[in-house]
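The values are calculated or read from the model by the stated rules, or taken from the named source; none is laboratory data. Quick caveat, the model's predicted, so the values are computed rather than measured. Cβ sites come from the backbone with ideal geometry, for glycine too, and all protein chains shown count toward neighbours.
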Amino acid sequence: MKLTTTLLLKPGITNPNFWSPDRSSQTERNKIRSTVLQRDGNACLYCGHAASKYMHLHHANDTGSSDPAHLITCCVACHAVLHMGRNLSLGVIEIWKTPLSQVEIVRRTREGVASGKTLSQVQKTLRLEKGHYDPGSVEYANDLIASIGSSPRAYLDEPLKAVFVKLKRWQIE
(Lines give C-alpha, C1' and ligand atoms only; values in the text may rest on other atoms or scores of the structure.)
Protein backbone atom coordinates (compact mmCIF):
# COMPACT_ATOMS: atom_id res chain seq x y z
CA MET A 1 0.00 0.00 0.00
CA LYS A 2 1.60 3.24 -1.16
CA LEU A 3 1.01 6.27 1.03
CA THR A 4 -0.11 9.33 -0.90
CA THR A 5 0.52 11.88 1.81
CA THR A 6 2.87 14.77 1.09
CA LEU A 7 4.43 16.16 4.25
CA LEU A 8 5.54 19.75 4.89
CA LEU A 9 9.30 20.06 4.46
CA LYS A 10 11.07 22.66 6.61
CA PRO A 11 14.71 23.01 7.63
CA GLY A 12 15.02 21.81 11.20
CA ILE A 13 16.90 19.95 13.87
CA THR A 14 16.16 17.02 16.14
CA ASN A 15 16.41 17.56 19.87
CA PRO A 16 19.78 16.11 20.99
CA ASN A 17 17.94 14.26 23.78
CA PHE A 18 16.35 12.08 21.07
CA TRP A 19 19.64 11.07 19.39
CA SER A 20 21.00 7.52 19.33
CA PRO A 21 17.96 5.47 20.26
CA ASP A 22 18.39 1.77 20.98
CA ARG A 23 19.13 0.17 17.63
CA SER A 24 17.90 -3.17 16.41
CA SER A 25 20.14 -5.65 14.59
CA GLN A 26 21.27 -4.96 11.01
CA THR A 27 19.07 -7.82 9.78
CA GLU A 28 16.03 -6.32 11.50
CA ARG A 29 16.88 -2.81 10.21
CA ASN A 30 17.13 -4.16 6.65
CA LYS A 31 13.72 -5.83 7.01
CA ILE A 32 12.17 -2.63 8.37
CA ARG A 33 13.79 -0.58 5.60
CA SER A 34 12.41 -2.90 2.93
CA THR A 35 8.93 -2.74 4.47
CA VAL A 36 8.87 1.07 4.63
CA LEU A 37 10.32 1.59 1.14
CA GLN A 38 7.79 -0.84 -0.35
CA ARG A 39 4.91 0.76 1.55
CA ASP A 40 5.90 4.24 0.31
CA GLY A 41 6.58 3.10 -3.25
CA ASN A 42 10.25 4.16 -2.97
CA ALA A 43 9.00 7.76 -3.04
CA CYS A 44 9.96 10.65 -0.79
CA LEU A 45 6.95 11.70 1.26
CA TYR A 46 8.18 15.31 1.24
CA CYS A 47 8.92 16.07 -2.42
CA GLY A 48 7.51 13.01 -4.20
CA HIS A 49 10.84 11.99 -5.79
CA ALA A 50 10.98 8.25 -6.45
CA ALA A 51 14.16 6.23 -6.90
CA SER A 52 15.17 2.62 -6.52
CA LYS A 53 18.49 3.55 -4.85
CA TYR A 54 19.74 5.94 -2.18
CA MET A 55 16.43 6.58 -0.45
CA HIS A 56 16.57 7.22 3.30
CA LEU A 57 14.22 6.49 6.17
CA HIS A 58 13.28 9.28 8.56
CA HIS A 59 11.60 9.08 11.97
CA ALA A 60 8.31 10.85 11.28
CA ASN A 61 7.60 11.69 14.89
CA ASP A 62 11.14 11.65 16.32
CA THR A 63 10.35 9.01 18.92
CA GLY A 64 13.34 6.94 17.85
CA SER A 65 11.01 3.98 17.40
CA SER A 66 11.97 1.48 14.70
CA ASP A 67 8.33 0.55 14.14
CA PRO A 68 7.59 1.05 10.41
CA ALA A 69 4.50 3.05 11.41
CA HIS A 70 6.87 5.74 12.75
CA LEU A 71 9.20 5.76 9.73
CA ILE A 72 8.83 7.39 6.33
CA THR A 73 10.78 7.35 3.08
CA CYS A 74 12.66 10.50 2.13
CA CYS A 75 15.23 11.34 -0.52
CA VAL A 76 18.80 12.38 0.28
CA ALA A 77 18.04 16.04 -0.46
CA CYS A 78 15.00 16.27 1.82
CA HIS A 79 16.84 14.38 4.55
CA ALA A 80 19.64 16.97 4.34
CA VAL A 81 17.04 19.69 4.94
CA LEU A 82 15.51 17.87 7.90
CA HIS A 83 18.92 17.60 9.58
CA MET A 84 20.15 21.09 8.74
CA GLY A 85 22.61 21.41 11.64
CA ARG A 86 24.73 18.49 10.51
CA ASN A 87 24.51 19.53 6.88
CA LEU A 88 25.41 23.15 7.61
CA SER A 89 28.51 21.92 9.45
CA LEU A 90 29.41 19.66 6.49
CA GLY A 91 28.91 22.52 4.02
CA VAL A 92 26.16 20.63 2.15
CA ILE A 93 23.54 23.36 2.58
CA GLU A 94 23.30 27.06 3.30
CA ILE A 95 20.38 29.00 4.76
CA TRP A 96 18.84 31.83 2.74
CA LYS A 97 15.62 33.84 2.67
CA THR A 98 13.38 33.05 -0.29
CA PRO A 99 9.64 33.14 -0.95
CA LEU A 100 9.84 29.69 -2.57
CA SER A 101 8.73 26.63 -0.63
CA GLN A 102 11.41 24.20 0.52
CA VAL A 103 9.98 21.50 -1.75
CA GLU A 104 10.15 23.89 -4.72
CA ILE A 105 13.85 24.46 -3.97
CA VAL A 106 14.45 20.70 -3.86
CA ARG A 107 12.58 20.18 -7.13
CA ARG A 108 14.27 23.06 -8.95
CA THR A 109 17.66 21.83 -7.77
CA ARG A 110 16.93 18.29 -8.92
CA GLU A 111 15.63 19.48 -12.32
CA GLY A 112 18.54 21.90 -12.78
CA VAL A 113 21.19 19.28 -12.01
CA ALA A 114 19.46 16.78 -14.30
CA SER A 115 19.58 19.34 -17.12
CA GLY A 116 23.32 19.91 -16.61
CA LYS A 117 23.29 23.05 -14.44
CA THR A 118 25.69 23.52 -11.55
CA LEU A 119 24.34 24.14 -8.06
CA SER A 120 25.56 27.73 -8.39
CA GLN A 121 23.53 28.17 -11.57
CA VAL A 122 20.46 26.71 -9.87
CA GLN A 123 20.89 29.10 -6.92
CA LYS A 124 20.57 32.09 -9.27
CA THR A 125 16.97 31.04 -10.01
CA LEU A 126 15.87 30.85 -6.36
CA ARG A 127 15.43 34.58 -5.51
CA LEU A 128 17.79 34.38 -2.54
CA GLU A 129 18.41 37.06 0.08
CA LYS A 130 20.86 36.83 2.96
CA GLY A 131 19.38 36.07 6.38
CA HIS A 132 20.56 37.37 9.75
CA TYR A 133 23.69 35.15 9.73
CA ASP A 134 26.09 34.21 6.96
CA PRO A 135 24.39 31.55 4.79
CA GLY A 136 26.73 28.75 5.93
CA SER A 137 26.62 29.62 9.64
CA VAL A 138 25.72 26.86 12.09
CA GLU A 139 24.28 29.60 14.30
CA TYR A 140 20.93 28.95 12.60
CA ALA A 141 20.97 25.44 14.10
CA ASN A 142 22.46 26.61 17.40
CA ASP A 143 19.58 29.08 17.84
CA LEU A 144 17.08 26.25 17.35
CA ILE A 145 18.90 24.03 19.86
CA ALA A 146 18.89 26.87 22.41
CA SER A 147 15.12 27.32 22.06
CA ILE A 148 13.94 23.73 21.54
CA GLY A 149 13.06 22.96 25.17
CA SER A 150 11.50 19.50 25.42
CA SER A 151 10.06 19.49 21.89
CA PRO A 152 11.34 16.69 19.67
CA ARG A 153 12.05 19.06 16.73
CA ALA A 154 12.48 22.73 15.95
CA TYR A 155 12.25 24.43 12.58
CA LEU A 156 13.48 27.62 10.97
CA ASP A 157 10.95 30.41 10.62
CA GLU A 158 9.73 31.49 7.20
CA PRO A 159 11.15 32.67 4.83
CA LEU A 160 14.41 30.88 5.75
CA LYS A 161 15.14 27.83 3.59
CA ALA A 162 17.96 25.37 2.95
CA VAL A 163 19.77 25.71 -0.38
CA PHE A 164 22.13 23.03 -1.66
CA VAL A 165 25.76 23.95 -2.22
CA LYS A 166 27.61 20.63 -2.06
CA LEU A 167 25.48 17.68 -3.09
CA LYS A 168 26.79 15.13 -5.57
CA ARG A 169 24.72 14.35 -8.64
CA TRP A 170 23.73 10.91 -7.27
CA GLN A 171 22.42 12.56 -4.09
CA ILE A 172 19.97 14.75 -5.96
CA GLU A 173 18.81 12.53 -8.84
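Residues of region 130-173 that are touching a residue at least 40 places away in the same chain (Cβ under 8 Å), surrounded by 15 or more Cβ atoms within 10 Å (Cβ to Cβ), of a type outside the set (A, V, I, L, M, F, W, C) and farther than 25 Å from residue 75 by Cα: none at all. Figure legend. Inter-residue proximity from region 62-91: first residues within 19 Å of residue 112 (Cβ to Cβ), second residues outside any loop (DSSP other than H, G, I, E, B) and basic (Lys, Arg), beta-carbon distance below 8 Å, spacing 6+ or different chains. Indicated pairs: 77/110.
Listed here are the residues, each with its yes/no results for (1) assigned by TED's automatic domain parsing to the domain that holds residue 163; (2) free of Cβ contacts under 8 Å to residues at least 12 places away in the same chain; (3) within 15 Å of residue 6 (Cα to Cα).
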position: 43; (1), (2), (3): no, no, yes
position: 95; (1), (2), (3): yes, no, no
position: 104; (1), (2), (3): yes, yes, yes
position: 107; (1), (2), (3): yes, no, yes
position: 110; (1), (2), (3): yes, no, no
position: 124; (1), (2), (3): yes, yes, no
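Selection of region 109-129 for residues being more than 27 Å from residue 60 (Cβ to Cβ) and surrounded by fewer than 17 Cβ atoms within 10 Å (Cβ to Cβ) yields 114, 115, 116, 117, 118, 119, 120, 121, 124, 125, 127, 129.
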